[in-house]
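Structure, as structure tokens:
None of the figures in this text is laboratory data; all of them are computed from the coordinates on show. Model, not experiment: these values are computed from the prediction. Glycine also receives a Cβ, built like all others from the backbone with ideal geometry; neighbour counts cover every protein chain displayed.
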Amino acid sequence: MKESAGAQRGIRARTLLGPPLLALALGLGLGLLRLQGPRTAEQRLDEALSSTESVEAVQERVHRLRRESRALMPEDERQATRFLAWSATASGFRVEKLELRAVEVGAGEPGAGEPGAGVQAVEARLDLRGQVFDLPLALESLSMQAALLQLEALVIEVEKGGACTVALAGRYHRPVLPSSELSSQRAASLAPRSGPAAQELLTLAGTLSSWRGFAAGQELRSVLAAQRFDELSRSLPPALVAAARTGGRLTWAPNAGLSSAGLSSAGLSSTGR
């Protein structure tokens, strides 16, 4: 008689962990993962147990997801700030303001990942001063950084002749990971005799689950980021030429496209929305 998928997973878990550690894993895993959203604790634990053989194996899976995610983790923020400043100054702009700020992402927002996956956004805001014809190069540079940046808004105040001020807003994303200290304490309290390797394996299960939930939204985040940069690379240059002749204001937003104030319609006829 063919065994069910659940039975097969149970056999595999018992083979890998042994009966005492399996029971320990079930108790600790359910406790660690109960707070992670609508997906049931049993589903998350089953996913973790069915894909892990050792601490090293789980660590490698976490590191791989981390490398592929293009997430901006807290320890990456200083490097991202430097890159933003460098991209602007190397393109000919003076940075007048640069700030990063963490905000929560709603479950229904694009790129939020699977239901129950905690995703946090990091808003980046730049105020720049320079020449309009240097802006396409600055935007191209921003699109090439290691962390994935989604443009959210662009406002360009242009003086006749081409001098301009630019206000740019974008978003990075990252998963909300379980507290390592809390997870370690929980693992130690529930598995005092299991040894540090087993405790670390159980602690890593929550981290692995968080990265998998975040990865579920990665394709959409990447597509949106590329589409927005591509749209501006096509529509912005002719609008900047028109703005440099007469002066005016250009604004861009994801759902509204590029629009102007103070420019003739003829000057923007080739930019689209």
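So the values come out like this:
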| item | result |
| --- | --- |
| For ALA216, distant residues with modelled amide H under 5 Å away | GLU114 |
| FRET efficiency, 1/(1 + (r/R0)^6) with R0 25 Å, evaluated for ALA216 and ALA153 via beta carbons | 0.45 |
| Karplus-derived HN-Hα couplings along the stretch 84-94 (A = 6.51, B = -1.76, C = 1.60, θ = phi - 60°), whole Hz, x at Gly and Pro | 4, 5, 5, 4, 5, 5, 5, 8, x, 9, 9 |
| Phi-based couplings in Hz for the stretch 213-229 (Karplus 6.51, -1.76, 1.60; Gly and Pro marked x) | x, 5, 4, 4, x, 5, 4, 5, 4, 5, 5, 4, 4, 5, 4, 5, 5 |
| Peptides 165-172, 87-94 ordered by average Cβ neighbours within 10 Å, highest first | 165-172, 87-94 |
| Contour excess over end-to-end distance, with Cα ends at ARG234 and VAL103 and 0.36 nm allotted per residue | 44.1 nm |
| Sorted by Cβ neighbour density within 10 Å, fewest at the top, the residues TRP86, TRP211 | TRP86, TRP211 |
